[in-house]
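The values are calculated or read from the model by the stated rules, or taken from the named source; none is laboratory data. Just so you know, these numbers come straight off a predicted model, no measurement behind them. A quick note on method: Cβ atoms are made from the backbone with ideal geometry, for glycine too, and the neighbour counts reach across all protein chains shown.
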Amino acid sequence: MPDSSTRIKTHIQAAFFLSCGAFLAACGESEAPAPAPEPELSYEEQLQLQLIQAQPGDVIEIPEGTHAISRSLSLTVPGVTIRGTGMNESVLSFANQVQGAEGLLVTADDFTIEDLGIEDTVGDALKVNESNNVTIRRVRTEWTNGPSSDNGAYGIYPVQSRNILIEGSVAIGAADAGIYVGQSSQIIVRDSHAEYNVAGIEIENSTFADVYDNVAINNTGGILVFDLPNLEVQGGQATRVFNNRILENNTENFAPEGAIVGNVPPGTGLLVLANDNIEVFGNEFADNESVHIMVYSFVLGGRVIDDPEYDPYPEQIYIHDNEYIRGGTKPAHALLAKWHAATGENSPNIVWGGLVREGASTEKLICLGDDPQQTFMNLNGTGELADVSFDTAPHACTLPRLEPVSLESPGDD
């Protein structure tokens, strides 16, 4: 049996360890450490996540403020709405973009975007590809440094799509087209503003388009209706351009080298190239220094075609009841400039290139109404003084009025 001194020592040690345990427990040393807080996501990361996780019917709200975005955004889910608080209040700024070819790329049906600004993208600002039922409402795309070949090509850019409504929108500074719809059908562009782009509004290789109640000002060319070769969709036709204000489109062409719009002469109001069944009426044309309206074939001036399926000649063009104010003082198209150099005269209101498809009837090719009052010139393919005609008698005719475009899109209300 242990002696008394040993028993005392043992009790002291036990008391010591018990008191230490109580002390540690009181200090919390026996509990597991709390997990580190999750790092807070940047707004760009939050938005990317919303787009990735979106479900049909979702509304993605863009809050007020200017939000720095460094990489392209994309949406592939149908039935989604992206909505800001206003085109100048909710802004996605790509001024420091380091990755991606677009600002926002959408490949999804039943898409709506509204009340939002997109600025300073490396490439296209808003591209919508292969989509049905697209509504773009009160969206602003802009390159804030002004006209520059370093700007992205397209501002608002639906392509190979159907049932497209663009309204109340603004496009500024695109190095190709501010508002562009290509290889598409059933299109309305209305109540919008295009400024300081190479092409303000462009309808290309598309069918059944209404372009109306817009302002195209200070672009190189105000409104373009083109049909080009070597594209998957051809046969552009049935576009109405009406009730627009097409003003002072005299900005020097700043398209990058090689772009087809690099051939658009500064000072062009409306240019119709190789497109059929076009009606132009009720527009105000003012102070477009080269020409208010020019209609011509893709092969005018000797351009060569390597696409056997392509028809380069415009036909059934009906131009009537427009207002023309000043303009035509600096003809810039090569053949028009040749004529101007020989005569010193200003461009007439409407100029036709004069080339016709071989074997085609010239009857009702270009119609200016039953009693044309606007000034007119046929370059007859050369622009030579001896070839040019001002005779409107062959063009004193009308064509059937085109039907208004009807959209199946629920956004057209």
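For every residue, the table says whether it meets (1) surrounded by fewer than 21 Cβ atoms within 10 Å (Cβ to Cβ); (2) out of contact with any Lys or Arg (no Cβ under 7 Å at 6 or more places or on another chain); (3) farther than 25 Å from Leu407 by Cβ.
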{"position": "Glu40", "(1), (2), (3)": "yes, yes, yes"}
{"position": "Val80", "(1), (2), (3)": "no, yes, no"}
{"position": "Thr85", "(1), (2), (3)": "yes, yes, yes"}
{"position": "Ala101", "(1), (2), (3)": "yes, yes, yes"}
{"position": "Asp109", "(1), (2), (3)": "yes, yes, no"}
{"position": "Thr121", "(1), (2), (3)": "no, yes, yes"}
{"position": "Leu126", "(1), (2), (3)": "no, yes, no"}
{"position": "Thr135", "(1), (2), (3)": "no, yes, no"}
{"position": "Asn145", "(1), (2), (3)": "yes, yes, yes"}
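Taking strands (runs of 3 or more DSSP E) that do not extend beyond segment 163-265, which have at least 1 residues that are touching a Ser or Thr at 6+ places or on another chain (Cβ under 8 Å) and among the aromatic types (Phe, Trp, Tyr)? Ranges flagged: 207-212. Can you tell me which residue is surrounded by the fewest Cβ atoms within 10 Å (Cβ to Cβ) among those in segment 170-188 that are among the aliphatic types (A, V, I, L, M) and over 20 Å from Gln234 (Cα atoms)? Step by step, filter segment 170-188, then rank; the result is Val170. In the set (1) touching a Lys or Arg at 6+ places or on another chain (Cβ under 7 Å); (2) closer than 19 Å to Gly282 by Cα, Gly383 fails one condition alone, (2). If you check Pro314 against the conditions, is it under 15 Å from Phe376 (Cα atoms), crowded, with 20+ Cβ neighbours inside 10 Å, in contact (Cβ under 8 Å) with a residue 12 or more places away in the chain and more than 22 Å from the chain's Cα centre (by Cα)? Criteria not met by Pro314. Against the test of being small (Gly, Ala, Ser), part of a loop (DSSP other than H, G, I, E, B) and under 30 Å from Leu165 (Cβ atoms), the options Ser406, Ser361, Ser347 yield a single qualifying residue, Ser406.
Each row is one residue, and each column tells you yes or no for (1) surrounded by fewer than 19 Cβ atoms within 10 Å (Cβ to Cβ); (2) touching a residue at least 40 places away in the same chain (Cβ under 8 Å); (3) not basic (Lys, Arg).
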{"site": "Ile62", "(1), (2), (3)": "no, yes, yes"}
{"site": "Arg71", "(1), (2), (3)": "yes, no, no"}
{"site": "Leu75", "(1), (2), (3)": "no, no, yes"}
{"site": "Ser90", "(1), (2), (3)": "no, no, yes"}
{"site": "Val98", "(1), (2), (3)": "yes, no, yes"}
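Among residues of segment 362-374 that are more than 17 Å from His292 (Cα to Cα) and of a type in the set (Val, Ile, Thr), those with a beta-carbon under 6 Å from a residue that is part of a loop (DSSP other than H, G, I, E, B) and modelled with pLDDT under 95 at least six positions away or on a different chain give the pairs Thr362/Val356.
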